[in-house]
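Report on the following structure.
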Amino acid sequence: MWQGKTRGGAFGYWFFICLIRYLGIRAAYGFLCLVVPYFIPFAPKATSAIWFYARKILKHNRLQSVGMLFRNYYRLGQTLIDKVAIGNGMIGKYKFKFDNYQEFLDILNGNQGVIMIGAHVGNWETGAPFFKDYGKKINIVMYDAEHRKIKEMLEKNGKSGAYKFILVNEDELTHVFKITEALNNHEYVCFQGDRFLNADKLLTCEFMGRKAEFPAGPFLLAARLQVPVVFYFSMREPNRTYHFHFLIANEIVRSKERKPEQLLLEQYAKALENIVKQYPEQWFNYYQFWNEA
């Protein structure tokens with residue numbers, strides 16, 4: 001189970017902010033070559049999780065798995081650098097591609113609440129410049145333990161302040177009321193659908209050839225409130241290019257045999273699996289995601 005904290009920390013963000021500002025993006029990428037070898041032995045839990053992913057999920061041999069470790073950590077660093085650079089107005093140094101962008105905007109303009117479900121793959125924050133006025137209606141749901149200091153650091157040094165945040169505290173239900181209120185106000189609520197803290201609120205689904213557990217909350221809320229759902233992934237490609245994938249979830253046909261939240265999860269898992277297979281080195285879940293059996 002994930003412990004509520006993301007790799008890296010406030011110091012790491014601050015360091016790369018300074019590096020980008022004073023030496024540039026290329027220098028920051030170059031510094032990653034020194035950082036990556038450090039992480040492999042000194043982040044044992046994360047390294048163990050990615051090794052399992054490479055060996056058991058991707059079926060790599062040992063040499064390929066070592067290469068995956070280096071590529072994965074390097075790509076994580078690149079996305080961090082890109083996030084900071086784009087947030088500080090360097091968008092002109094990047095290229096962007098879009099799948100189903102107009103269909104996505106049509107959903108946002110539909111005069112109703114929308115749930116967007118992403119994952120810890122790629123770099124979803126790079127979409128900030130393209131949301132423009134839509135950003136004022138975006139509510140990002142995050143765990144209280146995750147990103148508090150990092151969020152403050154980015155808000156000081158970036159330009160993503162248009163978003164609103166709904167903090168989740170497992171001991172309270174305040175966030176549920178805030179999410180419902182936002183959707184009733186025809187706003188957009190964004191979840192990451194691939195991590196959980198509460199082991200009592202899970203859904204299980206086949207993912208990448210093995211059973212995996214996902215948080216029930218996003219899928220349960222979407223199914224019960226019957227609002228449009230969009231799966232959103234922003235993936236890094238060569239030459240500083242980000243490819244945005246917007247996938248509109250199919251309307252759930254209710255039945256006595258299967259719960260609607262389970263059907264929605266299966267759509268999400270299939271969409272996420274397709275993304276992970278295209279960009280295997282951009283899987284950034286650094287804990288034991290699958291059962292080892």
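The values are calculated or read from the model by the stated rules, or taken from the named source; none is laboratory data. Every value quoted in this text rests on a predicted model; they were computed, and no experiment measured them. Positions of Cβ are generated from backbone atoms using ideal geometry, with glycine treated the same way; all protein chains shown enter the neighbour counts. For the accessible areas, the whole protein counts, side chains as well, though only heavy atoms, and no ligand, DNA or RNA atoms are used. Shrake-Rupley method; radii C 1.70, N 1.55, O 1.52, S 1.80 Å.
List of remarks:
- Applying 0.36 nm per residue to the separation of Q64 and M90 and subtracting their alpha-carbon distance, the gain on full extension is 5.9 nm.
- Cα-projected label distance for T180 with S255, points at 7 Å along beta-carbon direction, nm: 3.0 nm
- Å² per residue, accessible surface of the chain at 1.4 Å: 51 Å²
- Exposure rank, largest accessible area first [W14, W290, W124; 1.4 Å]: W14, W124, W290
- Counted over the chain, the DSSP beta bridges are approximately 45% antiparallel.
- Under the span-like rule (Cα at least 24 Å along the axis, Kyte-Doolittle mean at least -0.5), DSSP H helices of the chain: 25-42, 62-87, 260-278
- Solvent exposure ordering (accessible area, 1.4 Å, most first) of K93, K270: K270, K93
- Cα-projected label distance for K97 with N109, points at 7 Å along beta-carbon direction, nm: 2.5 nm
- Overall form of the stretch 1-131 per C-alpha gyration tensor (a/c, 1.5; a/b vs b/c): oblate
- Here the accessible area is traced with a 1.4 Å probe on the protein chains. For the chain, carbon and sulfur cover 54 percent of it.
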